[in-house]
1. Rounded to the nearest whole Å³, what is the per residue volume of the convex hull around the Cα atoms of the chain?
2. With contacts defined as alpha carbon pairs under 8 Å and 6 or more residues apart, what's the relative contact order of the range 7-232 in percent?
3. In the range 7-232, what percentage of the DSSP-assigned beta bridges are antiparallel, given to the nearest 5?
4. For the chain, what's the relative contact order in percent, using C-alpha pairs closer than 8 Å and at least 6 residues apart?
5. How far, in nm, would the chain grow between Val29 and Ala78 when pulled straight, counting 0.36 nm per residue and subtracting the alpha carbon separation?
6. Give the distance, in whole Å, between the Cα centre of the range 20-91 and the Cα centre of the range 139-174.
7. Counting each DSSP H run of 4 or more residues in the chain as -39500 (n - 2.57), what helix-only mean residue ellipticity at 222 nm follows after dividing by all residues, to the nearest 500 deg cm²/dmol?
8. With everything on Cα atoms, drop me the angle between helix 58-73 and the longest principal axis of the chain, reported from 0 to 90° to the nearest 10.
Amino acid sequence: MSSGTGVVLGVDLATADVRVVALDEEGAVLAERHAALPPVVTGTTPSGAEVREQQPSYLSVVLRLLAAVAADLAGRAADVTALSVTGTSGTLVPCDRAGRPLGPALLYSDGQAVEEADALRAAGLEATPTSPMARTGLLVALGAELVLHTPDVVHAGLLGRVVATDTSHALKAGIDPVARTWDARALEALRVPATALPDLVHPGTVLGHLSASTAAATGLGEQVAVVAGMTDGCTAQVAAGAVAPGDSVGVLGTTLVLKAVADHRVTGVGGALYSHYAPDGSWWAGGASNVGAGPVRDELGGTSPRALAELERAATLAGPSSAVVYPLRGTGERFPFARPDARGFVLGGPVEGVAAYRAFLEGVAHVERLALDVLREHGVAPTLHHLGGGGSRNRLWSRLRATVLEVPCVLAGRASSAHGAALVALASATGEPLVDVVARTATTDPDDVVDPLEEEREQLLDGFHRLREELDHRGLLDPHDLPAPRPA
């Protein structure tokens, strides 16, 4: 940054809200704002397909928040040199040629593209109705001139023109992330013209600078560079500090997202294990499980900080659970195995109250271990695991995870995807490698190290092996994706 006192912005387009954070050159937070997005419209089609739509007010909300952050920064608003936008992977918006929305966005979980998924499978391609390329075909069939991700819509508004999308947000559409090309077979099968999709660039690429109208509307300068970002899962990984060789991260929120840094592209598990191409040329391999912290709030009574603290104390005193839980809500799992028919179960139950809570915490840790084992079997061997997401604030849960994972664990000091997006912008603005920016701006604390529960290790690992054996017995695991099971 030319002034040496530069400021960068990160914008996170989640499903429920938008968050903007401003960082200085050392990574300190200078300002932060957030605002709600329109609620998700849910339902089913006459044929039973899941509908998950949202009114696409992303640009207007971002402009309002940028203006608020610029006001908070006061005189330092003139120091803003770059911003980067992250969004939920796979949410698509039908647009006109100028990048203006023509209708509601289809969220990543929308399942209306049934016929399009059939067409892709007929062409020999893996697809479900929620696949991004299937939903692209549906939107084009419904009249979209251009299909964009949510950050692309914001970019078009900020820059005054449609620009390329990054290979991270487009990854699950079946692109080649190195060559930056769309899948020609998929486009042909769906009769989608190449002009209905933007060009592709690598994350960290400067897409342009704020238009004069955007600068006037926000109070930011026209010198602000807009930097191609990565998905919210990847920017959460950046914020967690897990970008160096040997790093991995488990982001435990409503679901469990697991990623690790690799020196080669890793794929498998029926497409559920995939790799993002990072700004430094490394690969960030991983996947997302449908297990997560949701039941703590909705089913196990953790509706307030006090209730959660009481549950944690009681579960700590209770010790290892005699029951083993596969804590899946609903039907269908994505990672560490891909099975749309998978359902949760309890071995040695039923369990209630504190016992159910303790068994649930252990069950999520077991699934995280299984996911790390899948990565190891595909040539990725993490040596330091970062614990991120809201679930990492539960000290007992973090210690259970560290015990079951059998790899050194640290708490992620920063878990915000907006923060990670800002660090992507900072790397672009300074010209530093992202791994150096993350290391330079990191805050370290001895309390960040998570110690395993040595006295419970044997029982917890026995629970993990019991879960794995039961999943294998039910035919849910592919032996090619996992190390050999423990000896009988």
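Values in this text are rule-based calculations from the coordinates and carry no lab data. This is a predicted model, so every value here is computed, not measured. Cβ placement follows ideal geometry from the backbone for every residue including glycine, while neighbour counts extend to all protein chains displayed.
1. Details: hull volume 69.2 nm³, N = 488.
Enclosed volume per residue, from the Cα hull, is 142 Å³.
2. On the way: 530 pairs, mean separation 47.1, N = 226.
Averaging sequence separation for qualifying contacts and normalising by length gives 21 percent for the range 7-232.
3. Working: 30 of 42 bridges.
In the range 7-232, approximately 70 percent of DSSP beta bridges are antiparallel ones.
4. On the way: 1118 pairs, mean separation 73.7, N = 488.
Once normalised by length, the contact order is 15 percent.
5. Working: separation 49, 0.36 × 49 = 17.64 nm, distance 1.64 nm.
Stretched fully, the Val29-Ala78 segment lengthens by 16.0 nm.
6. 16 Å
7. Numbers: 14 runs with 162 residues, N = 488.
Value at 222 nm, helices only: -10000 deg cm²/dmol.
8. Long axis of 58-73 versus the principal axis of the chain: about 90 degrees.
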